[in-house]
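Structure first, then comments.
Bear in mind that the values in this text are calculations on the coordinates, not laboratory data. Note that the structure is predicted; figures quoted are calculated from it, not measured. All Cβ positions, even for glycine, are placed from backbone atoms using ideal geometry, and neighbour counts span all protein chains on display.
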Amino acid sequence: MRALFNLFLDICLFRKGPQDTPASAALLKMCLLAYGLTSLLALLIGTPAPVALLQILLDMVLLSGLLYLALILYRHPRRFEQTLSALTGVGTLMSLLALPLIVWIARQSPDGDVQLPALLLLALMAWSIAIMAHILRCAFNAPIWVGALYALGYTFLSWMLTGWVGPSSG
């Protein structure tokens, strides 16, 4: 377990890529479960459970589907398992880092100062998008700007679609 944590941390620090993630159906299932659970924890702070579950399901379907289509487009469909494991493993770490910030913001009184935790959360989201761009660049064997475009496109599409399902304060 420590080796996986170190692997995903190295990916977050841009020292490794999805190609370093073991191609394993069991690992992919574990990463998807961890990603779903940590996302659920973060969303439940400000979202009703049925809405949070639907948002997470939509996000995971969108992430998996768009990734698979893009890998087909770049003629690397065999990289799907490793890439999705890397994305969801790193996504789990990012959710765990975001949790204290989300709680901090949620516990502030209506007139409380949330500038610092909101700024830290914004920085964490920017880092998360940069990591996704790095993972996609490696998976597609493309320039970093291509990975960044896909990462930004996915992020905004996910925010838009999950926002239609229900508002979230997390």
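Enter the Cα centre distance for the pair the range 111-170 and the range 78-99, rounded to the nearest angstrom.
With the range 111-170 and the range 78-99 each reduced to a Cα centre, they are spaced 13 Å.
Taking loop as defined by DSSP and a crowding limit of 14 other beta carbons within 10 Å, which trypsin sites (Lys or Arg not before Pro) in the range 1-51 fit?
R15
Would you calculate a helix-derived [θ] at 222 nm for the chain, using -39,500 (n - 2.57) for each DSSP H run of n ≥ 4 and dividing by the full residue count, to the nearest 500?
My calculation for the chain gives -27000 deg cm²/dmol from helical runs alone.
Could you tell me how many degrees, from 0 to 90 and to the nearest 10, lie between the Cα long axis of helix 144-165 and the main elongation axis, the longest principal axis, of the Cα atoms of the chain?
Taking Cα atoms only, the helix is inclined about 40 degrees.
So how tilted is helix 80-106 from the main axis of the chain? Cα-based, degrees 0 to 90, rounded to 10.
10 degrees
Of (1) 47, 35, 30; (2) 51, 31, 30; (3) 66, 35, 32, which is the value of Cα extents along the principal axes in Å derived from the coordinates here?
Entry (2).
With a 10 Å cut-off between alpha carbons and a GNM built on the chain, which of L84, L97, L32 moves the most?
Its mean-square fluctuation being the largest, the pick is L97.
As a footprinting exposure proxy, order M132, M1, M125 by other Cβ within 10 Å, with the fewest listed first.
With the fewest neighbours first, M132, M1, M125 line up as M1, M125, M132.
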